[in-house]
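For reference, the structure is listed below as structure tokens.
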Amino acid sequence: MKISCPHMGHLHYMLEDLFERLDVEYVKPPVSTTKTLTIGAKHSPEFACLPLKINVGNFIEALDMGADTLIMAGGHGPCRFGYYGIVEERILRDLGYEFDFIMLEPFNDGKRDFYKTFKRLSPGLTIPRLYKILKASFAKGRAFDYVHKRSLQVRAYEVNRGDTTRALRQAEQLMALAYTPEEIEEAGREALALIDAVEQDPDRDVMKVAIVGEFFLLLEPFSNFGLEEILGHMGVYLERTVWVTDWIAPNRENKVYGFPKNFVEEKAEPYLSHNVGGEGRETIGGIVLMAERGFDGALQLLPFGCMPENIATSIIPKVQRDHDIPVLTLAFDEQTGRAGLVTRVEAFMDLLAARRGSRLALAGAAAATDKI
Ligand code: SF4
């Protein structure tokens, strides 16, 4: 069996680890590029979400490399994600590819089915062994998330442009080699130390911006033109609301993000009190939360036509007014260009800087008045 799965940020490190433990050969698709998207868009329905098109491109590139089994995360409504796997399989079969297709449904939708899916990959696998394997691979995924999260904050203060990105690559290589739980823990610590060792200017007055929105757009840098790096190099301190291991964890703790799902949903409650699929509710709750935490602004990323995020977009103007936080909405599809994106983001940062300037001026005036 030669198995493959679409890219989503640094998920492939976790998959490499998982399939190694399951003794299954993993065919890692080439890193997503314009070629991947062009292939995927060519064979996908025009109105399909951007992530589906990139997934199809990843699958075709993996099949051309010899993969004979494809695995895709399942799900359920109310958005289109629950149909992704079915549509992708149909597209690939219509193109004449032959393969086994496995849908991995969420753990909470049925523990027995979840186990059976893994048993298909590794006959003879027992439940205790599966638990041990998942625990180890998940711990590795968590380490990658924490290190990546730290890099988003350190990059804003780096003295030499690019140092954080270089440290992050080094950290990733280090963590990828870890295997036992002890090695993973140690590698995670060393990787964080590598990021912290980047020379920083702690006195730099950085802008604090939240990145909220649809999970794939937030997790896969190819889909958003490496926006986090672009912003980091502008000296912007970033926090984002979605992380790979938070997203796949069966609990609702959101350990990497730092705020449990229930808590974020409560923040959204006055504006959106029910699940609209994807991260629609988390986007609204995330903006409220970041405003309360004093962030200067937020960026909402979504695939063009994404139903849950479009619902959030329609609510955001009220959230902005109520919480005095500017939000820039950025929709992505295969027509989106990097230059246009950078121009919009730069203009938004200028706006935030101007607001902060006037806020500082107001604070200064208030302090002067107090003294009179
Ligand atoms: S969350 Fe949005 S982009 Fe993702 S599958 Fe649902 S509709 Fe498509």
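The values are calculated or read from the model by the stated rules, or taken from the named source; none is laboratory data. Just so we're clear, the structure is a prediction, and the values are computed from it rather than from any experiment. Counting neighbours? That spans all protein chains shown, and the Cβs are built from the backbone with ideal geometry, glycine included.
Per-residue answers, yes or no, for (1) buried (at least 24 other Cβ atoms within 10 Å of the Cβ); (2) over 22 Å from Phe81 (Cα atoms); (3) in contact with a Leu (Cβ under 7 Å, 6 or more places away or on another chain):
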site	(1), (2), (3)
Thr283	yes, no, no
Gly286	yes, no, no
Phe304	no, no, yes
Met307	no, no, no
Subject >> Residue in segment 303-353 that is farthest from the ligand (Cβ to nearest atom), counting only those that are farther than 19 Å from Ala268 by Cα, in a helix (DSSP H, G or I) and among the charged types (D, E, K, R) >> reply: Asp350
Subject >> Test result for Phe263, within 16 Å of the ligand (Cβ to nearest atom) and surrounded by fewer than 18 Cβ atoms within 10 Å (Cβ to Cβ) >> reply: no
Original post:
Based on what the data block shows, is Glu253 in a helix (DSSP H, G or I) and either free of Cβ contacts under 8 Å to residues at least 40 places away in the same chain or surrounded by 22 or more Cβ atoms within 10 Å (Cβ to Cβ) (or both)?
Top reply: no
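This table checks each residue for (1) within 12 Å of the ligand (Cβ to nearest atom); (2) among the small types (Gly, Ala, Ser); (3) at pLDDT below 95; (4) surrounded by 15 or more Cβ atoms within 10 Å (Cβ to Cβ).
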position	(1), (2), (3), (4)
Ile60	no, no, no, yes
Arg90	no, no, no, no
Ile102	no, no, no, yes
Asp109	no, no, yes, no
Asp113	no, no, yes, no
Ile127	no, no, no, no
Tyr131	no, no, no, no
Original post:
Does Ile211 satisfy the criteria of being at pLDDT below 95 and aliphatic (A, V, I, L, M)?
Top reply: no
Original post:
What do you reckon, is Arg80 modelled with pLDDT under 95, assigned by TED's automatic domain parsing to the domain that holds Arg21 and either more than 23 Å from the chain's Cα centre (by Cα) or buried (at least 18 other Cβ atoms within 10 Å of the Cβ) (or both)?
Top reply: yes
**OP:** Mind telling me which of the residues Val56, Val31 ends up being more than 16 Å from the ligand (Cβ to nearest atom) and touching a residue at least 12 places away in the same chain (Cβ under 8 Å)?
**Re:** Val31
